[in-house]
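The values are calculated or read from the model by the stated rules, or taken from the named source; none is laboratory data. Keep in mind that this is a model prediction, so the values were computed, not measured. Cβ placement follows ideal geometry from the backbone for every residue including glycine, while neighbour counts extend to all protein chains displayed.
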Amino acid sequence: MRRWAYIVSTTLLLSIISCQSWGRFWEEEKKEGTATASNATTTADILTMISVPANTTGFLMGSTAVGGSSIPEHTVASITAFAMAKYEVQYGDWLTVKTWGESNGYAFANPGVQGDNGSQTDQHPVTTISWRDAIVWCNAASEKQGLTPVYYLDSGFATPMRNLGSTGVNPLNATNSADNTPGQEDNPFVNWFANGYRLPTEAEWEYAARYIDGSTFQPGDYASGATGDYNDTAATGLVAWYTANSGSKTNAVGGKTANALGIFDMSGNVWEWVWDWNGTYTTTTPYTDADSKGPTSDTNRVSRGGGWNNIATTLRVAFRSNSNLPWITFNDIGFRPVRRP
């Protein structure tokens, strides 16, 4: 399996945040989904956001049971509160923002497709989009909703990134080589205090995936929301689409049981781009920092969660796919944004 080969080679349900408290994606197109824990197929649920509480005492990240790039376990000092999308970005939402963006100064390297093969429904997660595409979309979504973008060309946060990896304008490097130069497409200046959409950090992603009640967290070898480890096929199958039950394709978002926060598909369906550069975990900075953002440079960005064509071992909440060049695309990788209040 191409995706797997690529990887090997290198308490309580919280309330859904209302549009008044966190902001709906865009009021004129609001169509609320009918998600439930047992049968949550949605119809154009426009990026509902879920509250993820702060953690001030630290949480354990990584896992000795998972091994590999998830070792060593380390304590992230604290996490600031944030909101995370209830679902992986659906193709319909991707297209709506992309279309708006292209009429407002944005350009994308890849068009994205409906699910795994481009002929699924708008409720399937978008795939075949790069890390670069994902951060451009987040900026476009922010501006469309009147929020402050997060990713910029300049340290003064005057010029949002709008054209990454496409035409080479703005002035960006459109070649397929990672560029660590500050302000370039693979290393934008980031306004972490902006209220717009962005990719989660690895620490934020794993914190939300493992969260149970704020003091209790799932072990690293469980799928997100599962009641048993990855060897428990019944428990894993309740929360995740993967090789054993996906039908060799993506599925509409929200069709499995949500995790304790009410977030769906954090394990399985599609991998999810996160912010961090790849790096080897340590028990020191930057991995133990408050709101850890990982190393400052590398050639690869990380994705998390496993996908429809992966075996159960990749669904574990501590598992990392750390061999993803920022311009690469696959039919089993998408994304899920977060934002500040």
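A few notes on this one:
- Hits in the range 123-153 - residues which are in a loop (DSSP other than H, G, I, E, B) and in contact with a strand residue (DSSP E or B) (Cβ under 6 Å, 6 or more places away or on another chain): Q123, H124, T128, P149, V150
- Identity of the residue in the range 181-196, outside any loop (DSSP other than H, G, I, E, B) and modelled with pLDDT under 95, that ends up nearest to M266 (Cα to Cα): N187
The rows are residues; the columns are (1) touching a Cys at 6+ places or on another chain (Cβ under 8 Å); (2) hydrophobic (A, V, I, L, M, F, W, C); (3) buried (at least 18 other Cβ atoms within 10 Å of the Cβ); (4) at pLDDT 95 or above.
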{"site": "V126", "(1), (2), (3), (4)": "no, yes, yes, yes"}
{"site": "D179", "(1), (2), (3), (4)": "no, no, no, no"}
{"site": "R198", "(1), (2), (3), (4)": "yes, no, yes, yes"}
{"site": "T201", "(1), (2), (3), (4)": "no, no, yes, yes"}
{"site": "I212", "(1), (2), (3), (4)": "no, yes, no, yes"}
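- Qualifying residue in the range 119-126 (condition: of a type in the set (V, I, T) and over 22 Å from W275 (Cα atoms)): yes
- A residue that is touching a strand residue (DSSP E or B) at 6+ places or on another chain (Cβ under 6 Å), farther than 20 Å from V338 by Cα, of a type in the set (V, I, T) and not in a loop (DSSP other than H, G, I, E, B) cannot be found anywhere in the range 223-233.
- Test result for D289, under 24 Å from G67 (Cα atoms) and buried (at least 18 other Cβ atoms within 10 Å of the Cβ): no
- Filter pass, T64 being touching a Pro at 6+ places or on another chain (Cβ under 8 Å), at pLDDT 85 or above and on the phi < 0 side of the Ramachandran plot: yes
- Qualifying residue in the range 279-293 (condition: part of a loop (DSSP other than H, G, I, E, B), touching a helix residue (DSSP H, G or I) at 6+ places or on another chain (Cβ under 6 Å) and either modelled with pLDDT of 95 or more or not hydrophobic (A, V, I, L, M, F, W, C) (or both)): yes
- With respect to (1) surrounded by 24 or more Cβ atoms within 10 Å (Cβ to Cβ); (2) farther than 17 Å from S70 by Cα, the lone exception for S267 is condition (2).
- Residue check, S297 closer than 24 Å to A223 by Cβ, touching a Phe, Trp or Tyr at 6+ places or on another chain (Cβ under 7 Å) and hydroxyl-bearing (S, T, Y): no
- Among the residues of the range 265-309, those that are farther than 17 Å from K86 by Cα and aliphatic (A, V, I, L, M) comprise A290, V302.
- Counted residues, the range 323-341 - those being in a strand (DSSP E or B) and either of a type in the set (D, E) or in contact with a Pro (Cβ under 8 Å, 6 or more places away or on another chain) (or both): 2
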